[in-house]
Amino acid sequence: MPETVPETVLELDDLTVRFRLRRGDLTAVNGVSFAIARGETFGLVGESGSGKSVTARAIMRLIPNPPGEIQRGRILFGGSNVLDKSDAEMRALRGRHIAMVFQEPMSALNPVFTVCEQISDALRTNLGLSRREARERVVELLSLVGIPSPQKRLDSYVHEFSGGMRQRVMLAMALSCNPGFLIADEPTTALDVTIQATILELITGMIERLGMSLLFITHNLGVVAHSCDKIGVMYASHMVELGEKREIFANPQHPYTVGLLNSIPRLDIQARHLTPIAGSVCNMMEPPSGCKFHPRCAHAMDVCRREVPKLKEVAPGHHAACHLHDQGAAA
Amino acid sequence: MTAQGATDDMLLEVRGLTKHFTLHGDIYSKLAGEKAQVLTAVDGIDFHIRRGETLGLVGESGCGKSTTARLVTRLIEPTAGQVRLKNEDLLAFSPRRMKETRKDIQLVFQDPYSSLNPRKTIMHILSRPMEIHGLARSWNEKRERVLHLLHRVGLSVEHIDRYPHEFSGGQRQRIAIARALSVEPELVIGDEPVSALDVSIQAQILNLFRDLQEEFGLTYLFIAHDLSVIRHISDRVAVMYVGKIVETAPASALFDKPLHPYTKALLAAVPEADPDKPPPRLTLKGEVSTPIDPPPGCRLCGRCPRELPVCAEVEPQLVDVGGGRQVACHNL
């Protein structure tokens, strides 16, 4: 891959995150590996509980320990392992180099500080700006993310903003220290469709303009179809498919991805019946043996019940974790 | 209009339905003599649903979709307007008559985690409505009917004595649907019944709605904010914006050729799961207008790309444009 992509910014290698709960151990992320190149947007897709958000939080080292624990694997950011860093080094990394936007801006922003206070906090600690410099920069940032008359909104509190405007404030905060890497965890899920459209446009526009890399986490395949270069599909803690966006949409190789794409009602044609995936997501406390998807899979074979399939290249740059792609497997 | 012969198959007819909520300010604003503000959640809407039909009601948060559902079921009382069920004035029903009528209209809510009583077994949840409406007498009869219902929604006998927390979200929504069906309703109102579910489960539940409609000849009022879900399930669609219906049309016509600027904007904003489709974009300016003391004229004023001077002064009414479509816009 290094010959096609210039520089890898983030690389996850065999990341495994486990939570020790009273009821038993839960492996939320299981041997996940992928890489994101500079300037690339990577969409991590999956349904609730698939491990997408835990993956994002692990990169930021935001997994509470206990109960969470990174069991194995490496997270290489700019060549060095995030997991080896001290707390002080992590603080220097967060915000400055990697920033994160969360799903629910109302709970991610502080209700008792004004927008200016919250954003300038980061600017003053990370960049050492004075109060006045920070204030000027906040005005710039707010207008950058499209908040009308930012001078007037500076001293407003978060509750005075609408949902879409709050998400813009979050984005302004994330961009405040010019990070090279942005993690957006379901940034538009809580928003109405028209507002989602503007926020998506804003995020992808920013990424391009500022030459940033993006890890975009969402359950909405429509959103990734328009805002990402590469896609990783997660199911029950495993990465099941990985590749270029167009390739995955045109030629999905994992039965789960195929099922997911078939489940979506279409806007352009009205089908009498949808083709859902049978059954429901497995209980993560007692996951099935072998491939986690086998109880729902129409193509399940004996080997699927025994062995966890490895992610293998099925076409150039396109990986899938399915025994159907094993050599000699009868399809 | 209700006197026409063709109204035999009319199940629900709504005219001029309006709901105002008075926003009570804090004590200081009262002392200062400020007038209480009025939020017009639903503002004189008209629609009808024929027997066996599915009307999809779509709009963004706060547009009045759920209030509409609550009004036609009389969970809240309208400020003005008419609701006619099978050609009878529902709003004039006595409490007793209303209670009987409730079995004809059943609701399925968005969140199956809060709409099922966690302390009751599935048997209790599904048999209680039958008891209330006197549909089953003996225990055996009830149990038999509950089993039949469970089977119809894709659950089985082993589930009957369990509690809601033992089920996944999709299964709970199946139970909520079974509960709605337990009293053999004619009209089922789904208030965002698939929004809380994952895509793969959502498709299962949408198929279930379809199958049950065919089997029992149900009529649906299906409320959702997801346009592709609405397109999938609906025969006709009504689009709401800030308390008003701005366009109604047969589903295929509406999605193939939206006429109202708001409908167009909604459709253009949907990210389709196909990288070759045009990317989502917003064709309106600014943000959703407020339903509090709305100005005269069109609600879309100030956001619309096709605005005329008249739009700010005169409120556009729904006009027939042929093909079973109605649009409320001055500039078609």
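The values are calculated or read from the model by the stated rules, or taken from the named source; none is laboratory data. Nothing here was measured: the structure is a model prediction, and the numbers come from that model. So basically every Cβ, Gly included, is an ideal-geometry build from the backbone, and we count neighbours across all protein chains shown.
For this structure, a couple of remarks:
- Test: residue in the stretch A:242-262 that is closer than 30 Å to residue B:277 by Cα, touching a Pro at 6+ places or on another chain (Cβ under 7 Å) and touching a residue at least 60 places away in the same chain (Cβ under 8 Å): yes
- Test for residue A:279: is it surrounded by fewer than 19 Cβ atoms within 10 Å (Cβ to Cβ), at positive phi, without any contact (Cβ under 8 Å) to a residue 60 or more places away in the chain and not basic (Lys, Arg): yes
- Positions within the stretch B:242-263 being among the charged types (D, E, K, R) and surrounded by 18 or more Cβ atoms within 10 Å (Cβ to Cβ), in sequence order: B:244, B:247
- Any hit, the stretch B:1-10, residues being under 30 Å from residue B:174 (Cα atoms) and β-branched (Val, Ile, Thr): no
- Residues of the stretch B:268-294 classified as hydrophobic (A, V, I, L, M, F, W, C) and more than 7 Å from chain A (Cβ to nearest Cβ), total: 3
- Per the conditions (1) more than 10 Å from every other protein chain (Cβ to nearest Cβ); (2) touching a Phe, Trp or Tyr at 6+ places or on another chain (Cβ under 9 Å); (3) among the small types (Gly, Ala, Ser), the sole criterion not satisfied by residue B:302 is (2).
- Condition met for residue A:115 (out of contact with any strand residue (DSSP E or B) (no Cβ under 6 Å at 6 or more places or on another chain) and over 20 Å from residue A:219 (Cα atoms)): yes
- Residue check for residue B:298: in a loop (DSSP other than H, G, I, E, B), out of contact with any strand residue (DSSP E or B) (no Cβ under 8 Å at 6 or more places or on another chain), over 22 Å from residue B:178 (Cβ atoms) and in contact (Cβ under 8 Å) with a residue 40 or more places away in the chain: no
- Residues being among the hydroxyl-bearing types (Ser, Thr, Tyr) and closer than 14 Å to residue B:115 by Cβ - total across the stretch B:168-181: 0
- Selection from the stretch B:302-332 of residues that are surrounded by fewer than 17 Cβ atoms within 10 Å (Cβ to Cβ) and in a loop (DSSP other than H, G, I, E, B): B:302, B:305, B:306, B:308, B:313, B:314, B:317, B:323, B:324, B:331, B:332
- Test: residue in the stretch A:63-70 that is buried (at least 16 other Cβ atoms within 10 Å of the Cβ) and at pLDDT below 90: no
- Against the conditions (1) over 27 Å from residue A:30 (Cβ atoms); (2) in contact (Cβ under 8 Å) with a residue 40 or more places away in the chain; (3) basic (Lys, Arg), residue A:74 satisfies every one except (1).
- Those residues of the stretch A:75-116 which are surrounded by 17 or more Cβ atoms within 10 Å (Cβ to Cβ) and charged (D, E, K, R), in sequence order: A:94, A:96
- Residue that is surrounded by the most Cβ atoms within 10 Å (Cβ to Cβ), among those in the stretch B:68-99 that are touching a residue at least 60 places away in the same chain (Cβ under 8 Å) and at positive phi: B:81
- Residue within the stretch A:49-57 that is surrounded by 20 or more Cβ atoms within 10 Å (Cβ to Cβ) and in a strand (DSSP E or B) present: no
- Those residues of the stretch A:169-215 which are more than 11 Å from chain B (Cβ to nearest Cβ) and of a type in the set (D, E, K, R), in sequence order: A:185, A:186, A:208, A:209
- Residue count for the stretch A:315-331, restricted to those that are in a loop (DSSP other than H, G, I, E, B), at pLDDT 90 or above and out of contact with any Lys or Arg (no Cβ under 8 Å at 6 or more places or on another chain): 3.
- Residue in the stretch B:241-252 that is more than 8 Å from chain A (Cβ to nearest Cβ) and either among the aromatic types (Phe, Trp, Tyr) or free of Cβ contacts under 8 Å to residues at least 24 places away in the same chain (or both) present: yes
- Tally of residues being hydrophobic (A, V, I, L, M, F, W, C) and closer than 19 Å to residue A:23 by Cβ across the stretch A:279-309: 4
- Looking only at the stretch B:193-222, and only at residues there that are farther than 22 Å from residue B:168 by Cα and aliphatic (A, V, I, L, M), the one that is farthest from the other protein chains (Cβ to nearest Cβ): B:221
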